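Here's the structure, in structure tokens; my notes come after.
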Amino acid sequence: TLGNYKGRLALKALSNNSASGFVLKKRIDLTITPYLSWSWLAEKKLLALNERSKNGDDFVARIYLVIDGGFLFWKTESLNYVWSSNQDTGLIWDNAFAGSSVRMMSIRGKESQNGRWYQEKRNVYEDLIDTLGDKGSEEANRAAYQYIDIIALMTDTDNSGKEAESYYGDIVFSAL
């Protein structure tokens with residue numbers, strides 16, 4: 001639901017042994033707008049999970065950025081910016097279900113405070129190169145990572161059976 005929360009307009013996401021998500025299919029040219037800025041807040045953490053395992057692949061908040069492979073579905077790749085309840089901030093790992101085609105990056109970690117808004121800004125184009133692999137040249141990197149095709153917000157507890165409540169503020173792509 002959309003409403004005011006702790007001083008700002010936000011999308012509220014609840015999950016109880018399920019997943020809460022919002023998907024926008026829109027092609028974003030990262031050579032024009034490589035920066036993604038957003039704010040988010042988690043009300044409680046998902047404690048005692050191994051988020052690198054299938055049983056623990058749950059997050060109070062995550063932002064999926066998807067490069068759609070279309071009919072070549074095996075070429076679909078994704079970067080997930082996650083609010084991790086159990087990992088340190090700044091870690092990168094393969095998704096437990098999809099392997100190296102979906103990379104997880106803990107933007108917020110176990111040391112982050114509940115109930116507090118955090119403002120984030122990431123260079124998505126550079127993060128894609130760093131997490132999914134440098135293709136060897138600027139031309140090859142542009143061919144691989146110029147566009148993202150889908151943006152999704154997700155608060156999920158379907159694997160752990162737990163509960164989560166989180167809030168997402170404005171999400172904006174920009175040149176700077």
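With the condition kept exactly as written, say whether any residue in region 21-42 is farther than 24 Å from Ser174 by Cβ and either in contact with a Lys or Arg (Cβ under 8 Å, 6 or more places away or on another chain) or assigned to a loop (DSSP other than H, G, I, E, B) (or both). Yes, that holds for at least one residue.
Suppose we filter region 106-135 for residues that are in a strand (DSSP E or B) and surrounded by 15 or more Cβ atoms within 10 Å (Cβ to Cβ); how many remain? So the count comes out to 6. For the condition under 14 Å from Asp57 (Cα atoms) and touching a residue at least 60 places away in the same chain (Cβ under 8 Å), Ser106 does not qualify. When restricted to residues that are open to solvent by 20 Å² or more (accessible area, probe 1.4 Å) and part of a loop (DSSP other than H, G, I, E, B), region 79-100 contains 9. Here is the figure for region 90-124: residues that are closer than 22 Å to Arg8 by Cβ and of a type outside the set (Gly, Ala, Ser) total 11. Condition check for Arg122 on (1) within 12 Å of Glu51 (Cβ to Cβ); (2) touching a Leu at 6+ places or on another chain (Cβ under 8 Å): one failure, at (1). Determine if region 156-164 includes at least one residue that is more than 27 Å from Leu49 (Cα to Cα) and modelled with pLDDT of 95 or more. No, region 156-164 contains no residue that is more than 27 Å from Leu49 (Cα to Cα) and modelled with pLDDT of 95 or more.
Residues that are in contact with a Gly (Cβ under 9 Å, 6 or more places away or on another chain), of a type in the set (S, T, N, Q) and surrounded by 14 or more Cβ atoms within 10 Å (Cβ to Cβ) within region 30-51 comprise just one, Ser39. Annotation note: of Arg62, Arg27, Arg103, the sole residue that is open to solvent by 50 Å² or more (accessible area, probe 1.4 Å), under 17 Å from the mean Cα position of the chain (by Cα) and not polar (S, T, N, Q) is Arg27. Checking each residue of region 60-73 against the condition of being of a type in the set (A, V, I, L, M), under 20 Å from Ser174 (Cα atoms), out of contact with any Leu (no Cβ under 7 Å at 6 or more places or on another chain) and part of a strand (DSSP E or B) gives at least one match. Is there a residue in region 129-137 that is closer than 22 Å to Thr33 by Cβ and touching a Gly at 6+ places or on another chain (Cβ under 9 Å)? No: zero hits.
The values are calculated or read from the model by the stated rules, or taken from the named source; none is laboratory data. It should be emphasised that the depicted structure is a prediction, and the values quoted were computed from it without experimental measurement. All Cβ positions, even for glycine, are placed from backbone atoms using ideal geometry, and neighbour counts span all protein chains on display. Quick note on the areas: whole protein, heavy atoms, side chains included, nothing else; ligands and nucleic acids left out. Shrake-Rupley method; radii C 1.70, N 1.55, O 1.52, S 1.80 Å.
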